[in-house]
1. Can you compute the FRET efficiency between THR195 and ILE143 using 1/(1 + (r/R0)^6), with r the Cβ-Cβ distance and R0 = 25 Å? Round to the nearest 0.05.
2. Take every Cα pair under 8 Å in the stretch 4-274 that's 6+ residues apart, average their separations, divide by the length, and report that relative contact order as a whole percent.
3. Among the helices of the chain (complete DSSP H runs), which have Cα atoms covering no less than 30 Å along the helix axis and a Kyte-Doolittle mean of at least 0.0?
4. Would you calculate the convex hull of the Cα atoms in the stretch 4-274 and tell me its volume per residue in Å³?
5. By count of other Cβ within 10 Å, fewest leading, how are MET157, MET216, MET77 ordered?
6. Compute the distribution of all C-alpha to C-alpha distances in the stretch 142-279, in bins of 10 Å from 0, and list the percent of pairs in each, rounded to whole numbers.
7. Compute the semi-axes of the equivalent ellipsoid of the stretch 180-231, taking the square root of 5 times each eigenvalue of the Cα gyration tensor, and list them largest first in whole Å.
8. Take TYR86, project a point 7 Å from its Cα along the Cβ direction, then tell me which residues of the stretch 186-222 have their backbone nitrogen under 17 Å from it.
Amino acid sequence: MKNPLEKAEQAAAFLRERVPSPVQVGLLTGTGLGEAASGMQVAAAFDYADIPHFPVPTVPSHAGRLLVGDIHGSTVMLFQGRLHLYEGWSPAEVAFPIRVLQALGVRRLVVTNAAGGLNPAFRPGEIMRIDDHINLTGANPLIGPNEERWGARFPDMSAAYDRRLMASAERAAAEAGIRLRRGTYAGLKGPSLETPAEIRFLRTIGADAVGFSTVMEVIAAVHGRMRVLGLAVITNVHDPDRPEPASVEAIIATARQAAPRIERLVNGVLGLIDDGDLG
């Protein structure tokens, strides 16, 4: 049986043989956001099922497609769909796309997600720059023997989200006329949505948005010494004193409506990378 490192390297070798140029940026998209790179000049496309050892999402709103192409002069690997703990995947399996990027030598990662708003000042459809996260999943992709070729046993998480990338997101948002919120993302395991009491608790501990993804991938990326930018689309705003049933269909629809703004924002950040602003 192959170990996780061998699996990631085999998947990376498969892609390296079929991708025309070295990948510079990984872009991992969330619910309703898989089409957020319509301006990409696609050079290669793959189904996850065709990539060795690659897990395939079971959530209908996650396409399970990988695109490689040019955005603003950067070669980007776009993951249309991700894995979640609530689907039954292990933390290491959820983080597998990150390990493949790492094996390909990618040093920058942009992660997007659809999240429920906890901050009462937020509005549905707004974008939040993730400044930090709280891992409430009870899981971690680094549990078990450490693979030293991936990273240190005890990675520092004091700056999990790269400050220079966050500053570039602010600049790109200002140039595009997009209001960019800032906040802390709480990662839960799911799939059940939050109770009013849980919403009050999450607010109390300092969370501004909540969702079921992102945290596993970011931990693995930091472990692999990657620079990370996180962007969350606020799909609805929770009011624990006036709870209303949440509609998954409405959540997906709001995320899709925000996808063009996410695309403009990501394109702006990639343009700054191309300009040399980020080194």
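Only the coordinates and a few stated rules stand behind these numbers; no lab work does. The structure displayed is predicted, hence computed values, not measured ones. Backbone-built Cβ (ideal geometry, glycine too); neighbour counts: all protein chains shown.
1. 0.35
2. Numbers: 569 pairs, mean separation 72.4, N = 271.
Once normalised by length, the contact order is 27 percent.
3. TM-like helix candidates: 248-274.
4. Details: hull volume 30.7 nm³, N = 271.
Convex hull volume per residue, Cα atoms: 113 Å³.
5. Ranking MET157, MET216, MET77 by Cβ neighbours within 10 Å, fewest first, gives MET157, MET77, MET216.
6. Percent of Cα pairs in each bin: 10, 32, 34, 20, 3.
7. Semi-axis lengths for the stretch 180-231 are 23, 13, 9 Å.
8. 186-200, 202, 209-217
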